[in-house]
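To keep things clear, I will list the structure first and then write my remarks on it.
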Amino acid sequence: MNQSQSIIDRYSQSVLGNYGRFPLVIESAREFEVFDVDGRRYLDMGFGIAVNCLGHGHPELSECLQNQLSKLDHVSNLYFFEEQVFLAEKITSLLSGGKVFFCNSGAEANEALIKLARKFGNASSRFEIITTTNSFHGRTLATIAATGQDKVKVGFGPSVQGFKHVPFNDIEALRKSITAQTCAILIEGVQGEGGLVPAAPEYIKGIQELCKQHNLLFLMDGVQCGMYRTGRFQSIQRILNLDENDHESLPSAISMAKSLGGGFPIGAIWIKDLHHELLGPGSHGTTYGGNPLTTAISSKIFEIIQRDKLDLNIIHLEAELRNNLETLRSEFPDVIDGITGLGFMTGIILNTDAKVFQSNQGVSASIQMCNKLHEQGLLLIPAGPKVVRFLPAYNIQKAQIEEAISILRKSIQLLLNQAANV
Ligand SMILES: *Cc1c(COP(=O)(O)O)cnc(C)c1O
């Protein structure tokens, strides 16, 4: 028995089976590569689901962590410490004001957004938050209620009250769903788990208009699409092509996590100048939120992205990736239906009716594709049943894209050969 199988077997004995995992046992990772316990190498284009935004084991992050550990590891939020305010200043400087609350994950950040909305609506007895179908906002009770996908809710009722879902990118549906109880609208700038769908500029402008008209908070879940993932700090800045100093056009609040910590757990919400008085002393908190280790690491990530102009690298290589994927699409029109996403959140839409996916009926096309890619040494990530996404580190180069595309090409060819032999 190989090493991988024996570790997988141990999992089934003592780790809860709540995840559907691929049969890969990772031992180590360096830069853009991951190695399994049997010594196989994979080119990583998933990076922990949009987390390791500077690749694996970045020497400057490692140094920063060691220095911070020996200086100040953890104290509580009963006290002040400079690491936390330093990171908050970085975030507010990129959004021309506002204030920041720190937590530890994306779901917690969205919980904070939801509490902000409840507090905002409270004075006028409003509590309803409108979100969109196919959205994903996390796995806590309130965030599964916010999520517009039934699969995360089944068996966990009764649901937290006050959430309503309408189709994404449909401003009329949104307009019609607003009632006297509505206090906020929550969307992802680019739907991630829902299949990499960017919000249209007119949609965002329409939401801003509705929020003004009805005195609603406009909340954006930037957990996956934020932190430069689209080439700008927040996706709305890219989608609306906002000026760097434009505070006015930003939403009321934005949640962040994933790439914010580059592999170290951290979440945050940023609240616009108008609204941060809502969460005063005693209103919210968490033990680990904004602790010195994570905030030091996150500040270092900002420093490296800005110093090395990685935002420009993302814009430059996004075009490269898209062009390559379009070429693949023209080579395999029966397998690839389209290209979707924005920035370093770009993927292929698979034709689920293609013959190559028919022999394995119980398994989605995206998972079948990922399994084949794993066999050939590439990590990509499914987003729903038909999309496979690239979530590259911001410091990759053209060489990594070329290698990934060539593995993708070979994998599709192998699937086609297999289907032809059935
Ligand atoms: C991953 C994700 C979350 C949940 O973040 P966790 O850190 O897993 O709690 C929420 N919203 C979006 C858009 C995400 O992609």
In the stretch 307-330, which residues are surrounded by 19 or more Cβ atoms within 10 Å (Cβ to Cβ) and of a type outside the set (A, V, I, L, M, F, W, C)? Asn313, Glu318, Asn324
For the stretch 234-253, check the following and say yes or no: at least one residue is among the hydroxyl-bearing types (Ser, Thr, Tyr) and more than 16 Å from the ligand (Cβ to nearest atom). yes
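Pick from the stretch 222-249 the residues that are of a type in the set (A, V, I, L, M) and in contact (Cβ under 8 Å) with a residue 60 or more places away in the chain: which of them is surrounded by the fewest Cβ atoms within 10 Å (Cβ to Cβ)?
Kept after step one, since they are of a type in the set (A, V, I, L, M), are these residues of the stretch 222-249: 223, 227, 236, 239-240, 242.
Narrowing further to those that are in contact (Cβ under 8 Å) with a residue 60 or more places away in the chain: 223, 227, 239.
Working: Val223: 28, Met227: 28, Ile239: 21.
Result: Ile239.
Condition check ((1) in contact (Cβ under 8 Å) with a residue 12 or more places away in the chain; (2) open to solvent by less than 20 Å² (accessible area, probe 1.4 Å)) across all residues:
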position: Ile348; (1), (2): yes, yes
position: Thr352; (1), (2): yes, no
position: Lys355; (1), (2): yes, no
position: Gln361; (1), (2): no, no
position: Asn395; (1), (2): yes, no
position: Glu402; (1), (2): yes, no
position: Leu415; (1), (2): yes, yes
Are any residues in the stretch 179-215 touching a strand residue (DSSP E or B) at 6+ places or on another chain (Cβ under 6 Å), among the aliphatic types (A, V, I, L, M) and open to solvent by 10 Å² or more (accessible area, probe 1.4 Å), and if so, which ones? Val197
On the given criteria, is Leu219 assigned to a loop (DSSP other than H, G, I, E, B), touching a residue at least 24 places away in the same chain (Cβ under 8 Å), closer than 30 Å to Ala180 by Cβ and more than 10 Å from the ligand (Cβ to nearest atom)? no
Considering residues that are in a loop (DSSP other than H, G, I, E, B) and among the hydrophobic types (A, V, I, L, M, F, W, C), the number found within the stretch 131-179 is 6
So for the stretch 251-270 (the condition being over 19 Å from the mean Cα position of the chain (by Cα) and hydrophobic (A, V, I, L, M, F, W, C)), does at least one residue qualify? no
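Yes/no matrix, rows are residues, columns are (1) crowded, with 18+ Cβ neighbours inside 10 Å; (2) within 30 Å of Glu248 (Cα to Cα); (3) away from the ligand (no atom under 16 Å from the Cβ):
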site	(1), (2), (3)
Leu61	yes, no, yes
Cys64	yes, no, yes
Asp73	no, no, yes
Ser76	no, no, yes
Glu82	no, yes, yes
Tell me, yes or no, whether the stretch 293-306 has at least one residue that is surrounded by fewer than 14 Cβ atoms within 10 Å (Cβ to Cβ) and more than 21 Å from the chain's Cα centre (by Cα). no
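Table: residues versus (1) over 17 Å from Ile185 (Cα atoms); (2) not in a loop (DSSP other than H, G, I, E, B).
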| site | (1), (2) |
| --- | --- |
| Glu244 | yes, no |
| Ser249 | no, no |
| Ser255 | no, yes |
| Ser259 | yes, yes |
| Gly263 | yes, no |
| Ile269 | no, yes |
| Asp273 | yes, no |
| Gly280 | yes, no |
| His284 | yes, no |
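Hey, among Lys115, Lys151, Lys176, which residue is over 25 Å from Pro265 (Cβ atoms), open to solvent by 40 Å² or more (accessible area, probe 1.4 Å) and not polar (S, T, N, Q)?
Details: Lys115 fails: over 25 Å from Pro265 (Cβ atoms); Lys151 fails: over 25 Å from Pro265 (Cβ atoms).
Sole residue among the options that is over 25 Å from Pro265 (Cβ atoms), open to solvent by 40 Å² or more (accessible area, probe 1.4 Å) and not polar (S, T, N, Q): Lys176.
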Among the residues of the stretch 134-172 satisfying the criterion of being within 19 Å of the chain's Cα centre (by Cα) and more than 14 Å from the ligand (Cβ to nearest atom), which is modelled with the lowest pLDDT? Lys151
Consider Thr132 carefully, then state whether it is among the hydroxyl-bearing types (Ser, Thr, Tyr) and surrounded by fewer than 21 Cβ atoms within 10 Å (Cβ to Cβ). no
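The values are calculated or read from the model by the stated rules, or taken from the named source; none is laboratory data. These numbers were taken from a predicted model, which means no experiment stands behind them. Note that we place each Cβ from the backbone using ideal geometry, even for glycine, and neighbour counts take in every protein chain shown. These accessible areas exclude ligands, DNA and RNA; they are computed on the full protein's heavy atoms, side chains included. Shrake-Rupley method; radii C 1.70, N 1.55, O 1.52, S 1.80 Å.
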